[in-house]
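Written below as structure tokens is the structure these notes are about.
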Amino acid sequence: MDFALLSAAATGLAASPWVALAYLASGVLFILALRGLSSPATSRAGNRYGMIGMLIAVVTTLVTHEIASLPEILGALALGGAIGWIIARRIAMTDMPQLVAAFHSLVGLAAVLVGWAAYLNPEAFGILGADGTIHAVSRLEMGLGIAIGAITFSGSIIAFLKLAGKMSGAPIMLPGRHVINLATLAAIIGLTGYFMTDQSLWVIATVTALAFMIGFLLIIPIGGADMPVVVSMLNSYSGWAAAAMGFTLSNTAMIITGALVGSSGAILSYIMCKAMNRSFISVIAGGFGAVAEAGGEAKEQRPWKRGSAEDAAYMLGEAEKVIIIPGYGMAVSQAQHALREMGDLLKVKGVEVKYAIHPVAGRMPGHMNVLLAEANVPYDEVFELEDINSEFATADIAFIIGANDVVNPAAKTDKSSPIYGMPVFDVDKAKQVFFIKRSMGGVGYAGVDNDVFYMDQTLMLLADAKKMVEDINKGLAH
């Protein structure tokens, strides 16, 4: 049976209370999904709720809207599903942040394309008035959706390039950038308002072009230390773009979903800004007031101590309390499983083991939590910064694996540092510090040196993180 006939037969169903009930059920499931994703222990259930909610929303939309034929829809679903499955199978966990940024760009581009489709064929979208022009309210929704979608697309492209190392993580400061940004945003807002009175092609085309441009301008001044906030912020933008297009398509589920994604992303961005002692307005305004980062400065040659896997294994086995701080270096080397094995070996020896997670560890929110959950680290051993920072004073060993900026004391002492004011772990209060990194030549994503390397109680374990932990585990097992 042709799906178009089914849709035509269901025209009266679109206004049915059953449709509203189905979309309401989807909205409730999406809320439950967000609730579940707030904790690693309930994240799997949250994912299931989200998938069921989306299935209900998609099926309801297909049944109640006059759209393409069933073969076309199934073909598009098969193509998109195959691409998604291949990407999911091939992508490494270390590449997840840039994958998320790339997906955000696709959501933004989809909003732009839907908006332009509605503009070019308004009759098909049911937004054409009796006078032959698009409804003024629909033009406003269309303009906002296209503008937000274009900003999301171009901004996500820059975020992807920075996270993938295709572009410098240092902020790129254009002269007069604040004036340019404010003038461009004012032009977008003004032209979107003008579009309600004049639906000329040049108006919507100019809005689209300016929005693509401001997306680039907003993200390039943001440095690597703030990238996790950027990923969360772009997630919020993609949600608002989808919500705006939901109004254009008269799709309740799309409005609800977009609003949930937009608001939750904005709240998460605000929480992360507070965790980093950053101004929320400054970050979303594109590094407003940011300064160039210090990654290019020559490092002072200072004495440091080198340790070995044998030294670390012996001292860890003799400790009473060990706090492990994972970072992006752990993700790069895929050391989470070896780290969990080390924790198990220590617990057999009677050592108290805890994991300390910084809100911005890694390149995206929750990056370290996902890796530890993948390795089956017990949830009750994983603590956020504010819950465990006071315990470093009673810890025998702070075990830092691949983290850097989140343990850098410069955040507390150096006002010229790009990470100044960001709360960091007080690892300097631990009796002993083991610091795993590949070499002394590297610095954190923010591009600044770390005084922890040179403390009297610090032993530098220079090697691939996974290889070093595996060697430590051999020592603990004997």
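Structure data summary
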item: Options 374, 386, 470, 391: the member that is more than 20 Å from residue 342 (Cα to Cα), open to solvent by 50 Å² or more (accessible area, probe 1.4 Å) and not basic (Lys, Arg); result: 386
item: Matching residues in the range 203-215 - criterion: being buried (at least 24 other Cβ atoms within 10 Å of the Cβ), farther than 15 Å from residue 160 by Cα and small (Gly, Ala, Ser); result: 211
item: In the range 393-414, residue farthest from residue 327 (Cα to Cα) [restricted to those that are part of a helix (DSSP H, G or I) and within 26 Å of the chain's Cα centre (by Cα)]; result: 412
item: Near pairs, Cβ below 6 angstrom, 6+ apart or cross-chain, from the range 413-425 (in contact (Cβ under 8 Å) with a residue 60 or more places away in the chain) to any residue that is loosely packed, with under 14 Cβ neighbours inside 10 Å; result: 421/277; 422/277
item: In the range 351-390, residue nearest to residue 101 (Cα to Cα) [restricted to those that are part of a helix (DSSP H, G or I) and among the small types (Gly, Ala, Ser)]; result: 373
item: Of the criteria (1) over 19 Å from residue 110 (Cα atoms); (2) touching a residue at least 40 places away in the same chain (Cβ under 8 Å); (3) over 17 Å from the mean Cα position of the chain (by Cα); (4) open to solvent by less than 50 Å² (accessible area, probe 1.4 Å), which one residue 218 fails; result: (3)
item: Exclusive hit being within 25 Å of residue 250 (Cβ to Cβ), at pLDDT below 85 and buried (at least 17 other Cβ atoms within 10 Å of the Cβ), set 195, 125, 153; result: 125
item: Only one of 125, 103 that is touching a helix residue (DSSP H, G or I) at 6+ places or on another chain (Cβ under 7 Å) and of a type in the set (Phe, Trp, Tyr); result: 125
item: Number of the exception - residue 413 against (1) open to solvent by 10 Å² or more (accessible area, probe 1.4 Å); (2) out of contact with any Gly (no Cβ under 7 Å at 6 or more places or on another chain); (3) of a type outside the set (A, V, I, L, M); (4) at pLDDT 85 or above; result: (4)
item: Within the range 354-371, tally of residues that are surrounded by fewer than 24 Cβ atoms within 10 Å (Cβ to Cβ) and among the β-branched types (Val, Ile, Thr); result: 1
item: Residue match in the range 415-433 (condition: touching a strand residue (DSSP E or B) at 6+ places or on another chain (Cβ under 8 Å), basic (Lys, Arg), assigned to a loop (DSSP other than H, G, I, E, B) and within 18 Å of residue 336 (Cβ to Cβ)); result: no
item: Condition met for residue 184 (at pLDDT below 90, open to solvent by less than 60 Å² (accessible area, probe 1.4 Å) and either of a type in the set (Ser, Thr, Tyr) or under 30 Å from residue 60 (Cβ atoms) (or both)); result: no
item: Number of the exception - residue 172 against (1) closer than 23 Å to residue 110 by Cα; (2) surrounded by fewer than 20 Cβ atoms within 10 Å (Cβ to Cβ); result: (1)
item: Unique match (being over 11 Å from residue 219 (Cα atoms), buried (at least 22 other Cβ atoms within 10 Å of the Cβ) and touching a residue at least 24 places away in the same chain (Cβ under 8 Å)) among 159, 147, 136; result: 147
item: Among (1) farther than 21 Å from residue 366 by Cα; (2) open to solvent by less than 30 Å² (accessible area, probe 1.4 Å); (3) not β-branched (Val, Ile, Thr), the one test that residue 465 misses; result: (1)
item: Conditions (1) modelled with pLDDT under 85; (2) loosely packed, with under 12 Cβ neighbours inside 10 Å; (3) within 26 Å of residue 156 (Cβ to Cβ): number failed by residue 80; result: (1)
item: Scan of the range 25-52 for residues that are in contact (Cβ under 8 Å) with a residue 40 or more places away in the chain and either assigned to a helix (DSSP H, G or I) or surrounded by 16 or more Cβ atoms within 10 Å (Cβ to Cβ) (or both), ordered by number; result: 26, 27, 30, 31, 34, 40, 41, 43
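Residue by residue, here is whether (1) among the acidic types (Asp, Glu); (2) open to solvent by 10 Å² or more (accessible area, probe 1.4 Å); (3) out of contact with any helix residue (DSSP H, G or I) (no Cβ under 8 Å at 6 or more places or on another chain); (4) at pLDDT below 85 holds:
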{"residue": "223", "(1), (2), (3), (4)": "no, no, yes, yes"}
{"residue": "237", "(1), (2), (3), (4)": "no, yes, no, no"}
{"residue": "272", "(1), (2), (3), (4)": "no, no, no, yes"}
{"residue": "310", "(1), (2), (3), (4)": "yes, yes, no, no"}
{"residue": "314", "(1), (2), (3), (4)": "no, yes, no, no"}
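The values are calculated or read from the model by the stated rules, or taken from the named source; none is laboratory data. None of these values were measured; they are calculated from a predicted model. When we count neighbours, we look across all protein chains shown, and the Cβ atoms used for this are built from the backbone with ideal geometry, even at glycine. To get the accessible areas, we keep the full protein, side chains included, count just its heavy atoms, and leave off ligands, DNA and RNA. Shrake-Rupley method; radii C 1.70, N 1.55, O 1.52, S 1.80 Å.
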